[in-house]
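None of the figures in this text is laboratory data; all of them are computed from the coordinates on show. It should be emphasised that the depicted structure is a prediction, and the values quoted were computed from it without experimental measurement. With ideal geometry, Cβ positions are generated from the backbone for all residues, glycine too; neighbour counts draw on all protein chains shown.
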Amino acid sequence: MQTSHHHTLLLCCTISLLLTACAGSDSSSGQPAESDAGKTQAETADSVFADVQAPFDAAGMHFSAGSGFYDSAFCLTVSADSGSTVYYTLDGSMPDADSLQYTAPICIQDRSQDENKLSMHTDIAQPAAYAEYFLPAGKTDKATILRAVAIDSSGRQSDTVTLTYFIGYDQKAAYYQDTAVISLITDEKNLFDFDTGIYTLGKTYDDWKNGPDYDAETPDYFMPANYTQKGKAWERQATLQFFADGQLAASQDFGIRIHGGATRSYPQKSLKVYARKEYGAGKLEYDLFSGTVRQQNGSAPITEFDSFVLRNGGNDAQYTRFSDKLVQSLTADRAFLTQGMTPCILFINGEFWGQYELTEKVDADTIHSHYGVPANDVCLIKKEALESGTEAGFQEWKQLWNWIRNTDFSQQDTYGQLCSAVDMQSFMDYVSTEIYINNADWGKPNSAMWKAQTVDGSNPCADGKWRFILFDTEFSSGLYGKAQPDENSFETLLEKDCFLADLFRAALANDSFRSEFADTFLEIAAQNFGKARVSSEIDRLSAARHDMAIDTYNRFWSKIVGGAEAERNYQDAVDFLRQFYDQRYEFITEYLEETIGKP
């Protein structure tokens with residue numbers, strides 16, 4: 001039992017009553033739109049956070065204050081139905097009869113000066129020799145996590161109630177007031193247990209290092225670890241609470257997994273989040289993107305989600321952290337699916353876990369939400385493998401690929417057959433975008449295409465044609481000193497052995513395609529990636545994410561890009577990104593002419 005914590009809390013609460021007035025609120029509102037500019041605390045005239053408490057009732061218990069952001073510390077009272085006793089935890093674990101027993105008010109105060117706990121794990125990335133570089137620069141912002149149950153005299157236990165309290169955040173970074181905040185609560189062992197924790201090197205790494213397949217020259221991003229494991233066996237239950245304008249907007253249990261490829265090896269890891277009936281609700285009914293993500297016909301915002309991703313910035317995590325968002329926002333009007341994205345701040349068991357990009361997941365459910373095609377009728381090919389759909393649909397795609405490889409499309413009748421199988425405007429828009437940004441991690445990697453397996457004449461997007469999806473674009477635009485603005489990425493694509501290269505190579509044999517592609521490419525280059533438009537969007541995104549990016553540097557890479565050089569490192573990354581787009585047009589339009597002839 002954790003009785004020592006209980007006595008400390010009682011003493012703290014007594015002091016708090018003498019020094020502070022109680023404060024709080026638990027009303028709900030929609031998520032705010034993404035901020036267009038960064039603001040310092042001094043520029044924030046009025047706090048959106050609460051200064052009065054609002055009670056909260058759930059699972060036969062009454063709480064004097066619900067989850068939320070509060071200006072001041074207060075004492076929380078909890079009561080239960082007659083004959084029941086309340087037990088609670090403060091570490092994210094599930095409470096039971098062996099947990100703290102509630103007997104007196106609990107002090108809810110700013111815990112940011114408490115010692116870091118979860119963020120001190122050094123077994124979450126390799127190489128271990130540099131583990132100190134992954135530690136925070138100092139004590140992190142913190143919240144109080146309370147999980148409570150009521151147990152009656154016969155031993156029957158209520159549902160668990162989970163609450164998150166942020167205290168004094170009106171005196172912290174201004175972004176807490178205009179950015180979505182997500183509190184993720186789960187038993188610590190779900191993340192960091194040696195055998196079963198999904199966030200750690202763990203047993204998987206030790207078995208590899210001590211086994212016959214160990215190779216000391218293996219790059220850290222290829223090293224097997226618990227966090228590289230995939231599938232339902234490596235999904236763990238967690239509660240996620242969504243805050244907007246300082247108020248709780250949604251709370252639900254989900255399954256979480258580690259997400260991504262090489263970036264699984266980063267100390268800040270991306271997470272896939274799944275709504276499942278086994279955890280409670282089968283969908284999240286909440287507008288994650290504040291109305292900015294809409295159905296394909298633009299008629300209504302998408303407000304139901306089966307899953308989503310909390311993305312760490314991918315390859316761009318130690319740089320601008322917004323280059324993928326930049327490309328997706330600039331091309332959202334083109335004939336391919338882009339992902340909804342918005343910044344958020346994540347806390348895990350009450351500890352600051354940095355800025356993430358809340359992102360739509362590339363799956364059949366997302367396609368259904370955007371295009372109205374039933375999820376079970378979607379054939380989705382991702383990285384040239386069947387992601388969703390039937391084996392028959394996958395074989396049909398393979399046959400299409402084989403036909404493309406062995407067909408001369410110079411004649412209009414055969415090219416017309418290709419246009420009946422592939423939405424060529426979607427393809428031209430998609431390839432033009434990837435070539436323009438010079439994506440160095442694309443071709444077979446990070447490619448996706450989909451079709452409706454059943455033709456539905458009432459839905460223009462269910463015509464049986466293959467369409468394309470843009471995602472994971474950040475390994476581009478000069479990142480890592482690669483993918484430079486003067487690189488001929490037409491040539492790079494045509495040298496690849498993949499479906500997209502074969503389709504592009506085959507289509508170039510047709511005069512109509514070459515003409516239409518040239519028009520499309522030049523339109524995207526001049527309009528979607530026009531210098532003034534790109535520069536304005538970089539200004540907007542960098543201002544909105546500046547402070548949270550710096551704090552994330554200091555949370556996860558304090559001795560690499562954080563510390564005294566954090567501001568310069570961030571500005572250098574933004575300037576480098578801007579430089580790529582300032583220079584790209586002149587080079588790539590020349591390569592366009594070399595590839596297809598003068599438009």
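Assorted remarks:
- Anisotropy class of region 207-288 from Cα gyration tensor, a/c 1.5 cut: prolate
- Amide H contacts of Ala58: Phe63, each under 5 Å away and 5 or more positions distant or on a separate chain (H built 1.01 Å from N in the peptide plane; Pro and chain starts excluded).
- Global geometry of region 69-116, whether rounded, prolate or oblate, following the gyration tensor of its Cα atoms and the 1.5 cut on a/c: oblate
- Under-5 Å amide H pairs with Val181, H placed in peptide plane, nonlocal only: Phe243, Ile345
- Degrees separating the helix 511-523 axis from the principal Cα axis of the chain, which is the longest one: 40
- Ranked by the mean number of other Cβ atoms within 10 Å per residue, highest first, peptides 147-154, 266-273 order as 266-273, 147-154.
- Over region 203-271, Cα pairs under 8 Å with separation of 6+ residues give a relative contact order of 27 percent.
- With one equal scatterer per alpha carbon and no solvent term, the Debye-computed log10 I(q)/I(0) for the chain at 0.08, 0.09 1/Å reads -0.61, -0.76.
- Residues with amide H under 5 Å from that of Trp353, placed H, sequence gap 5 or more: Leu346, Phe347, Ile348
- Mean Cβ count within 10 Å, highest first, over the residues of peptides 382-393, 252-263: 252-263, 382-393
- Overall form of region 108-248 per C-alpha gyration tensor (a/c, 1.5; a/b vs b/c): oblate
- Distance between region 507-559 and region 452-479 - C-alpha centres, whole angstrom: 19
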